[in-house]
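Peer 1: I have a structure I would like to understand better, so I am pasting it below and will then ask my questions one at a time.
The values are calculated or read from the model by the stated rules, or taken from the named source; none is laboratory data. These numbers come from a predicted model, not from an experiment. Cβ placement follows ideal geometry from the backbone for every residue including glycine, while neighbour counts extend to all protein chains displayed. Ligands, DNA and RNA are excluded from the accessible area calculation, which covers all protein heavy atoms including side chains. Shrake-Rupley method; radii C 1.70, N 1.55, O 1.52, S 1.80 Å.
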Amino acid sequence: MREVQPVIKGVRGAPDILPAEVGRWRQIEVGARRVLENYGYQEIRTPMFERTELFVRGIGEGTDIVDKQMYTFEDRGHESLTLRPEGTAPVVRAYLEHGLVTKGSLCKVYYIGPMFRHERPQAGRFRQFHQIGAEALGVEDAALDAEVLDLLSHLFDTLEVAGWQLHLNSIGCETCRPVFRERFALSMLGKKAGLCPDCLVRLERNPLRILDCKVEGCRALAAQAPTPLESLCGECEAHFRKLQGLLQLLKIDYSINQHLVRGLDYYTRTTFEFVNPALGAQNAFAGGGRYDLLVTEMGGPPTPGIGFAIGMERLLLSLPPERPGEAWAGVFAVTMGEEAFHLGLRLVQELRRQGLRAALDMERRSVKSQMRLAHKERYRHALILGDDELRAGMATVKDMAHGGQEQVPLPEVVERLTRGEDQAQQKEA
RNA sequence: GUGAGCGUAGCUCAACGGUUAGAGCACUGGACUGUGGCUCCAGGGGUUGAGGGUUCGAAUCCCUCCGUUCACCCCA
């Protein structure tokens, strides 16, 4: 009557990233860091959790994220904490807390790391997912918006993202957005009968979201309603027009998408998404916008800002297939018998200290098996130590890529192999 | 939170309600008693997601639960 111990499984929506996939993650991290730093951004690392209040204030009550997607818990001091669902609010918090910027200067930071939202997983959507994000604080000019979009388009070209598209919109500022919101809601109120049930709820809670409903009837009705762009105030319109001019100057293709309404409250003026139509329902792999009111909202001095986040899982899905396997490198010692094994251990230790990848079999397998292992693990050289070699004070060094082998006196083995590896690497490069 | 599809070996998948649930890949060993890749041979691996029901008989049909995938919603 033994209780069967259940295997403890991972948490739903929080997938493992296995060794075979890590190379691609590193590839985009390295590429992103390089581009971001070339554009003047510095890395910042904020904690994975914050006081719940930070996100409620920053993202906004009534948004889906705050209302039903946050991982919130009480810590032992009875303080409500939340696993970060996004990166902007924490960065702004840190910015204010440490006075990261002196008045009038531009502060550019980026982050890479996991975010947490309690949603039902589906293609391109997870409960723990990873973002590469950046925030630029302190400049209101549309030139900064253009630079951000240039950065992203350059990054996606560098990473060879296939067929990406930039969607652009402006949702106005504190003066024109409420006006538009009012006009739009009023217009939809008159057409209530034609709206889907979801949109009836949206009409109450956040009418602008009707704009990106996918139901045909709602789309048609929204098309007749006032559009955000024709409702912009003079300053917002000028900002948007300037941005478009700069994008043309920088030769960045975009299309205006007036249905682009983002789900976080803090956005003002410019909003954008980078879309890959091949991705399925969750086809936006990067998104962001301007948030000129957020810093004051969080108790800081009036400070304009703009930021974006790239969904790494979705970016990964947009990348070309991985290139052929890694080059052969390192040394695998093939030993026969105890004495040879001990010699192998010492040589492997020394090779590792010299900075080489090196290993040997610890299960006393047959020579054939050890050779198979060396081949499977892509070692560049096999260092064969058998009775014949020990008797002669030599080792057999076999080139696994080309098949040739030679005898090397034991005292010279390490030097010979380190040199051989250098040459092999130079040849590959 | 709602809906639909799918759960069979480590992976990808077979098996009209009817013998002992199979194949490819992977893994281990051998052919080659000290040499990888190619080939051939052999071997280990399964409570068919779990529980219940129908039936002489269930991987197969029904119910419940769990997991997973996709979609809605929302967003990266």
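Peer 1: Could you pull the accessible area for A:Glu230 with a 1.4 Å probe, rounded to 10 Å²?
Peer 2: Taking all protein chains as shown, A:Glu230 has close to 120 Å².
Peer 1: Also, I was wondering about something else. Can you tell me the orientation of helix A:142-158 relative to chain A, as the angle in degrees between its alpha-carbon axis and the longest Cα principal axis, to the nearest 10?
Peer 2: Roughly 30 degrees between the two axes.
Peer 1: Which whole-Hz couplings ³J(HN,Hα) result when phi for each residue of the stretch A:9-17 is put into the Karplus expression 6.51 cos²θ - 1.76 cosθ + 1.60, θ = phi - 60°, listed in order with x for Gly and Pro?
Peer 2: Karplus-based 3J(HN,Hα) across the stretch A:9-17 equals 9, x, 7, 3, x, 10, x, 6, 9 Hz.
Peer 1: Can you spot the lysines whose alpha carbon is less than 22 Å from A:Lys242's alpha carbon? Ignore those fewer than 8 places along the same chain.
Peer 2: Counting by Cα, and skipping residues close in sequence, A:Lys242 has these lysines nearby: A:Lys108, A:Lys251.
Peer 1: When only the heavy atoms of the protein chains count and the probe is 1.4 Å, how do A:Leu200, A:Leu316, A:Leu383 rank by accessible area, highest first?
Peer 2: Listed by decreasing accessible area, they come as A:Leu200, A:Leu316, A:Leu383.
Peer 1: Looking at A:Gln131, A:Phe308, A:Val66, which one has the Cα that reaches farthest to the positive end of the dipole of chain A (charges on Cβ: Lys, Arg +1; Asp, Glu -1)?
Peer 2: Towards the positive end, the residue furthest out is A:Val66.
Peer 1: Helix A:176-189 versus the longest principal axis of chain A: what is the Cα-based angle in degrees, 0 to 90, to the nearest 10?
Peer 2: Compared with the principal axis, the helix lies near 70 degrees.
Peer 1: Kindly provide the helix-only [θ] at 222 nm of chain A, computed as the sum of -39,500 (n - 2.57) over DSSP H runs of four or more divided by all residues, to the nearest 500 deg cm²/dmol?
Peer 2: It lands at -11500 deg cm²/dmol.
Peer 1: In whole Hz, what ³J(HN,Hα) sequence does the stretch A:285-294 give by Karplus (6.51, -1.76, 1.60; θ = phi - 60°), x for Gly and Pro?
Peer 2: The phi angles translate into 9, 7, x, x, x, 8, 9, 6, 10, 4 Hz.
Peer 1: Evaluate the charge dipole of the stretch A:331-424 about its Cα centre and quote only its size in Debye, nearest 20, assuming +1 on the Cβ of each Lys and Arg and -1 on the Cβ of each Asp and Glu.
Peer 2: On the way: 15 positive and 15 negative charges, 81 e Å.
The dipole of the stretch A:331-424 has a size of about 400 debye.
Peer 1: To continue, here is another question. Residue by residue through the stretch A:385-390, what is 3J(HN,Hα) from phi via Karplus (6.51 cos²θ - 1.76 cosθ + 1.60, θ = phi - 60°)? Round to whole Hz and write x for glycine and proline.
Peer 2: 10, x, 4, 4, 4, 4
Peer 1: How far, in nm, would the chain grow between A:Leu410 and A:Asp253 when pulled straight, counting 0.36 nm per residue and subtracting the alpha carbon separation?
Peer 2: Net length gain for the segment: 50.2 nm.
Peer 1: With label points built 7 Å along Cα→Cβ from the Cα atoms of A:Gln128 and A:Arg34, find their separation and express it in nm.
Peer 2: According to this spin-label approximation, the distance is 2.9 nm.
Peer 1: Nearest 20 debye, what's the magnitude of the dipole of the stretch A:167-228 about its Cα centre given +1 on Lys and Arg Cβ and -1 on Asp and Glu Cβ? List each step's numbers first, then the result.
Peer 2: Working: 10 positive and 6 negative charges, 12 e Å.
With only Lys, Arg, Asp and Glu charged at Cβ, the dipole is about 60 debye.
Peer 1: Figure the gain on full extension for A:Thr418 and A:Gln165 (residue separation times 0.36 nm, minus the Cα-Cα span) and round it to one decimal in nm.
Peer 2: Computed gain between A:Thr418 and A:Gln165 is 86.3 nm.
Peer 1: How far, in nm, would the chain grow between A:Arg391 and A:Asp16 when pulled straight, counting 0.36 nm per residue and subtracting the alpha carbon separation?
Peer 2: 130.1 nm
Peer 1: Run down the lysines and flag those whose C-alpha is under 26 Å from the C-alpha of A:Lys368, throwing out any fewer than 8 positions away in its chain.
Peer 2: A:Lys376, A:Lys398
Peer 1: Explain nothing, just the number: relative contact order of chain A, from Cα pairs under 8 Å at least 6 residues apart, as a whole percent.
Peer 2: 14
Peer 1: Follow-up. Sorted by accessible area (1.4 Å probe), largest first, how do A:Glu389, A:Glu53, A:Glu339 line up?
Peer 2: Greatest to least solvent exposure: A:Glu339, A:Glu53, A:Glu389.
Peer 1: Quick one: compute the contact order of the stretch A:331-424, relative version, from alpha carbon pairs under 8 angstrom and 6+ residues apart, as a percent.
Peer 2: Computed over the stretch A:331-424, the figure is 29 percent.
Peer 1: Using a 10 Å cut-off on Cβ atoms, rank the peptides A:84-92, A:259-267, A:150-158 from the highest mean neighbour count down.
Peer 2: Result, highest mean Cβ count within 10 Å first: A:84-92, A:259-267, A:150-158.
Peer 1: Give the long-range amide H neighbours of A:Tyr71: residues separated by 5 or more places, or on another chain, with amide H under 5 Å away, using H modelled in the peptide plane at 1.01 Å from N.
Peer 2: For A:Tyr71, the qualifying residues are A:Leu83, A:His118.
Peer 1: Between the helical axis of A:337-353 and the dominant principal axis of chain A, each derived from Cα atoms, what acute angle in degrees is found, rounded to the nearest 10?
Peer 2: The two axes meet at around 40 degrees.
Peer 1: Can you figure out the FRET efficiency of A:Glu97 with A:Asp64, using R₀ = 30 Å and their beta-carbon distance, to the nearest 0.05?
Peer 2: It comes out at approximately 0.65.
Peer 1: How would A:Thr296, A:Thr303 rank on accessible area, largest to smallest, probe 1.4 Å?
Peer 2: A:Thr296, A:Thr303
Peer 1: Need one word for the stretch A:115-168: rounded, prolate or oblate. Basis is the Cα gyration tensor (sqrt eigenvalues a ≥ b ≥ c); a/c below 1.5 gives rounded, then a/b vs b/c decides.
Peer 2: oblate
Peer 1: Tell me which residues come under 5 Å, amide H to amide H, from A:Gln131 once H is placed; ignore anything under 5 positions away on its chain.
Peer 2: So A:Gln131 has HN proximity to A:Gly113, A:Met115, A:Met312.
Peer 1: Please work out the average accessible area per residue across the stretch A:300-375, using the 1.4 Å probe convention, and give it in Å².
Peer 2: Solvent-accessible surface per residue comes out at 54 Å².
Peer 1: Taking square-rooted eigenvalues a ≥ b ≥ c of the alpha carbon gyration tensor, is the stretch A:331-424 rounded, prolate or oblate, where a/c under 1.5 means rounded and, failing that, a/b exceeding b/c means prolate?
Peer 2: rounded
Peer 1: Another question, then. In chain A, with Lys and Arg counted as +1 and Asp and Glu as -1 at Cβ, which of these residues, A:Pro15, A:Gly104, A:Phe156, has the Cα nearest the positive end of the dipole, that is, farthest along it?
Peer 2: A:Pro15
Peer 1: Also, quick follow-up: Can you tell which of A:Lys242, A:Lys398, A:Lys214 shows the greatest fluctuation in a Gaussian network model of chain A with Cα springs below 10 Å?
Peer 2: Among A:Lys242, A:Lys398, A:Lys214, the largest mean-square fluctuation in the Gaussian network model of chain A belongs to A:Lys398.
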